[in-house]
1. How long are the three semi-axes of the equivalent ellipsoid of the chain, in whole Å, if each is the root of 5 times an eigenvalue of the C-alpha gyration tensor, listed from largest down?
2. Tell me the angle of helix 99-108 to the major Cα principal axis of the chain, expressed in degrees between 0 and 90 and rounded to the nearest ten.
3. I need the trypsin sites (Lys or Arg not before Pro) found in segment 51-97, filtered to DSSP loop residues with at most 15 other beta carbons within 10 Å of theirs.
4. Hey, with R₀ at 41 Å, roughly what FRET efficiency would A158 and R27 work out to, going by the Cβ-Cβ distance, to 0.05?
5. Could you work out [θ]222 nm for the chain from helices alone, using -39500 (n - 2.57) per DSSP H run of at least four and dividing by all its residues? Round to the nearest 500 deg cm²/dmol.
6. In which sequence would D22, D52, D103 go, from the one with the fewest C-beta neighbours within 10 Å to the one with the most?
7. Cα centroid distance between segment 86-103 and segment 128-153, in Å?
8. Work out from phi, with θ = phi - 60° and the Karplus expression 6.51 cos²θ - 1.76 cosθ + 1.60, the ³J(HN,Hα) of each residue of segment 127-135, listed in order in whole Hz, and give x for Gly and Pro.
Amino acid sequence: MSAPRYAPVDPVAQPRTYRSPDHVPGRWTAGRKAELDGVQPSGPRLGVQGPDQGYVLRLVRLAEPRIVLQPHEHLEDASAGVAAIALRRASHYGRAPVMHDVDFAIAIWGWNLAEPPADLLARRREMWEGAGHDYAMVRELAARVGEVGLGMPVAKVAESMPAAWMALTGC
């Protein structure tokens, strides 16, 4: 790498050049305790893995003003469930979460509707109450959304609501 003009240089010093290492390193293996050897484990309470999942917290925070709460509903519960569903959709596509995943999660449970149907409200109250404090409940909300629903575009979900909420949420 060249040096800036103002850096002092010894006129008699030999320039440095690249030299290959004396030995070639061996094959890498997973030797530390936290490294995975094989496939990502799956099972109850392990969630769905994907890259940069913490970014969903920022996205949900940005989307919170669009979540329409009804009486006796809490933003903390809605945000936790929306984040889990958005993460499941993002990992379905094998990528980090984006705002479309959050919009999808908001739309399938009708959190964007000013007047959701009574049956949807009753089911939401039953399944989402306390979700902000219960990991198992949040995992159940994310697991309910089927593979077909995860692949639907957000616009199609929004236009099919509120009529299709049962099909989309597995209820």
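Values in this text are rule-based calculations from the coordinates and carry no lab data. Please read all numbers here as calculations on a predicted model, not as lab measurements. No Cβ is skipped: glycine too gets one built from the backbone with ideal geometry, and neighbour counts run over all protein chains shown.
1. 49, 21, 15
2. That works out to roughly 20 degrees.
3. Within segment 51-97, the qualifying trypsin sites (Lys or Arg not before Pro) (loop, at most 15 other Cβ atoms within 10 Å) are R95.
4. 0.25
5. That comes out to -12500 deg cm²/dmol.
6. Taking fewest neighbouring Cβ atoms as first place, the list is D22, D52, D103.
7. Cα centroid of segment 86-103 versus Cα centroid of segment 128-153: 13 Å apart.
8. Running phi through 6.51 cos²θ - 1.76 cosθ + 1.60 with θ = phi - 60° gives 8, 9, 5, x, 4, x, 10, 9, 4 Hz.
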